1. Of everything in the stretch A:90-105, what is of a type in the set (A, V, I, L, M) and more than 10 Å from chain B (Cβ to nearest Cβ)? Give them in sequence order.
2. Determine which member of the set A:396, A:429, A:423, A:438 is crowded, with 21+ Cβ neighbours inside 10 Å, in the same structural domain as residue A:322 (by TED's automatic domain parsing), not in a loop (DSSP other than H, G, I, E, B) and not basic (Lys, Arg).
3. Determine the pairs where a residue that is farther than 20 Å from residue B:161 by Cβ, located within the stretch B:74-101, has a partner that is assigned to a helix (DSSP H, G or I) with Cβ atoms under 7 Å apart, the partner being 6 or more residues away or on another chain.
4. Would you check if residue A:87 is more than 10 Å from chain B (Cβ to nearest Cβ) and β-branched (Val, Ile, Thr)?
5. Does residue A:58 meet the test of being surrounded by 15 or more Cβ atoms within 10 Å (Cβ to Cβ) and either under 29 Å from residue B:16 (Cβ atoms) or modelled with pLDDT of 95 or more (or both)?
6. When residues of the stretch B:1-35 are filtered for being hydroxyl-bearing (Ser, Thr, Tyr), surrounded by 12 or more Cβ atoms within 10 Å (Cβ to Cβ) and within 13 Å of chain A (Cβ to nearest Cβ), how many remain?
7. May I ask you to verify whether residue B:216 is among the β-branched types (Val, Ile, Thr), touching a residue at least 24 places away in the same chain (Cβ under 8 Å) and away from chain A (no Cβ under 14 Å)?
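The values are calculated or read from the model by the stated rules, or taken from the named source; none is laboratory data. This is a predicted model, so every value here is computed, not measured. Backbone-built Cβ (ideal geometry, glycine too); neighbour counts: all protein chains shown.
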Amino acid sequence: MYRPFDHERSAAGTRALWAIAIVLIASVAVALALPQTMPRRFPDRKPIHVWHPWTAEWKTIVDRIVATYNASQDRYEVIALSVPAHTAASKFLSSVAGGAPPDVIVSWDAVIPKWAEGGIIMPLDGLMSAEERERVTRSAYPISLKIGTYKSRLYAIVTGLDVYACYLRTDFAREAGLDAERPPETLDNLVAWGEKLDRFDSNKRLVRAGFLDPLSSVLGLAMFAPAFGGGFYDWDRGVLTLNTPENLRALSFLAGTRERLGFENVVRFESGHSGDVANAAWPFITGAYGITIDGQWRVEQIAQYAPDLAYDTFPIPPPVGGRAHAGWASGNFAMIAKGAKNVEGAWEFIRFWSGIDNPDRAAEFYTWGGWLPPFPDLAEAPAYREYVEKNPRFKAFLDVLPSEYLQPMPPVSHQAYLWDRIAAAYAAAMRGTLRPDAALARITLENEREVAMHKELGYTE
Amino acid sequence: MKRGWAGYAFIGPWLAGFATFTAFPFAASIWLSFTRYDIVSDPVWVGAANYNRLLTEDPIFWKSLFITVKYALVAVPLSMVVGVALALLLNLEIAGIAIYRTLFFIPSIVPVVATSVLFIWLLNPQTGLVNGVLSEFGVAGPAWLADKRWAFTSLVFMSLWGVGGSMVIYLAGLKDIPLALYEAAIIDGAGAWQRTRHITLPMLTPVIFFNLMMGIIGSFQYFTQAYIVTQGGPDDSTNFYALYLFNRAWRYLDMGYASAMAWILFAIVMTMTIAVFRSHRRWVHYEN
């Protein structure tokens with residue numbers, strides 16, 4: 001049916017469109033005009049923007065440290081922002097590229113060499129007074145310096161160390177007729193204990209692993225290679241040491257612990273517990289492990305979620321002829337971004353947190369979350385000693401801390417890539433799909449390819 | 001003229017956003033793919049080195065490409081078959097059909113991250129629902145996401161969770177088929193299978209064509225589920241192209257290399273799109 005064009009309706013429609021357009025534009029303008037950040041608590045002070053990766057209960061501790069700092073002086077205000085770890089790197093890099101980075105970025109990821117190489121973070125040496133430099137280089141735990149240093153320059157101050165030790169369910173040990181008061185002192189002994197603590201169901205499926213390093217949370221090869229006298233990097237010569245007899249022995253040992261139980265059996269067992277490793281659901285708490293290896297933060301979590309759990313901790317025992325107190329260690333560390341607007345304030349806050357300027361005061365921060373301090377004098381401060389006396393299971397970790405055989409990730413510019421490839425080959429060996437020697441050969445080959453690529457593209461190594 | 005300006009005022013914000021966040025980065029990434037670039041430092045021209053290394057010296061690149069192509073070859077046809085089958089079933093005029101349609105569509109609007117976490121639980125070999133059901137039938141289910149032989153397959157099955165989105169499009173296509181064709185076929189003595197084979201499927205081919213295109217493009221961009229559920233493991237068995245590209249860009253800071261990967265991906269997707277477009281005259285039937 002023919003309908004004549006209605007000019008009146010058309011004009012009304014146009015007016016309505018214009019009205020909607022104006023409302024939309026006005027809404028955007030109002031949104032842009034509104035304050036984009038929370039109001040400052042100390043607007044007269046110079047801000048120090050700090051990004052950190054902690055969430056949930058750990059964030060509360062960081063907020064407490066920040067509040068203590070803000071109350072301790074009247075020059076700066078730390079504004080802390082929790083940026084979850086898996087997105088932190090991309091957000092931080094975008095902020096640096098965009099010219100609006102935070103002053104301090106705290107991380108635990110494999111970032112220091114690459115960021116240092118790219119000039120994304122500042123060397124801290126130049127910010128320190130001679131006295132501070134002396135204190136940091138002479139008194140920090142060796143592992144703290146290894147983590148923060150790249151090409152002989154300090155780029156990060158460790159704000160908390162993570163070291164690993166054995167966790168033993170003493171109730172299970174007693175049930176198995178083992179003397180829980182005298183934990184194993186050699187690796188062979190540890191394996192023998194593990195065999196006695198293993199439990200299987202009627203289908204011969206593993207329901208409790210007597211001894212197993214959890215594949216999902218700890219890179220076992222990095223942990224055990226130093227104990228066998230190896231490791232991925234020679235700090236004296238400054239070279240990678242990937243495919244060595246010591247590393248092969250370590251990897252063969254770890255593969256052997258799984259082969260004994262049946263690779264597939266272990267894969268099923270570990271996969272069944274891989275999704276719930278945090279807090280109260282940690283499989284050690286739920287009874288899935290007799291002995292396992294994990295970091296010191298579990299002590300605090302057990303105290304919180306399972307205070308009556310019967311357990312103990314002890315350093316990872318070395319193999320015959322191996323090294324005691326050797327293994328992998330990591331940590332969280334503070335860096336100052338290239339383009340930071342308040343470098344002086346950033347350094348002052350890092351000094352405050354890590355206890356460079358006042359160990360006794362900072363020692364208290366480390367008791368709030370059961371963190372391991374980067375300097376021995378914090379560990380010896382009254383507040384921390386009192387904390388350890390109340391939590392004697394911390395001692396196993398503190399005993400390991402001064403060891404020169406603790407190794408972090410190798411300080412090479414392709415650290416993240418190398419770590420991923422080590423993890424992939426290690427996982428394949430632990431699943432029985434790659435022989436230990438083939439796994440190490442693959443890591444070496446992939447590393448060589450990456451180094452060649454970097455050379456071809458003109459990266460400095 | 002005045003009316004034209006009103007139109008431009010409306011699309012202006014989108015145009016500005018498109019130019020800033022899509023067109024410019026798109027063009028810039030061509031240049032970046034010939035450079036060494038870590039986001040913060042200035043890009044340094046390296047010629048075709050990124051492409052050369054990718055194509056000749058990077059087995060992980062080829063492996064990730066193979067995994068992605070395999071996924072496209074398996075998941076796209078599978079989701080099409082399941083989507084069409086579901087749409088045919090949900091096209092039946094039975095009581096409560098609207099509820100069934102809603103139930104099958106709802107999963108596709110659940111955020112991918114939530115779906116991924118859900119499947120981590122469902123596929124848990126010890127406490128997961130899937131192995132729980134299998135054990136009722138005496139079948140010992142595998143370690144779905146941790147076993148190299150099953151992780152990829154698990155992700156393929158996971159993709160069916162979102163099949164409701166394409167199912168709705170198939171359903172709309174089915175509703176668009178003229179009833180007269182079926183009436184004529186019935187008069188001619190055609191059975192149910194013959195009607196499906198010779199009327200429904202041919203008349204549905206424009207919709208199948210659309211979903212095929214979208215499926216291929218989506219498969220080559222497959223990322224989120226692999227990132228959350230398997231992180232590329234075990235032993236690289238789910239290291240999809242987009243995941244490797246992401247790691248190269250944001251984890252290893254090789255933005256130039258990642259840009260080269262993105263352009264190779266673009267070339268592959270474009271080639272496949274053109275190939276499918278060229279083939280469509282042979283198998284896509286339009287009513288007119």
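1. If the condition is that a residue be of a type in the set (A, V, I, L, M) and more than 10 Å from chain B (Cβ to nearest Cβ), then A:100, A:104, A:105 are the ones that fit.
2. Step by step, each of A:396, A:429, A:423, A:438 is checked, and only A:429 is crowded, with 21+ Cβ neighbours inside 10 Å, in the same structural domain as residue A:322 (by TED's automatic domain parsing), not in a loop (DSSP other than H, G, I, E, B) and not basic (Lys, Arg).
3. Once the first residue is farther than 20 Å from residue B:161 by Cβ and sits in the stretch B:74-101, its partners that are assigned to a helix (DSSP H, G or I) give B:91/B:171; B:91/B:174.
4. The answer is no for residue A:87.
5. no
6. Total satisfying the criteria: 2.
7. Here the answer is yes, as residue B:216 does meet what is asked.
Residue-by-condition table, conditions (1) in contact (Cβ under 8 Å) with a residue 24 or more places away in the chain; (2) over 28 Å from the mean Cα position of the chain (by Cα):
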| site | (1), (2) |
| --- | --- |
| B:14 | no, no |
| B:33 | yes, no |
| B:41 | no, yes |
| B:49 | no, yes |
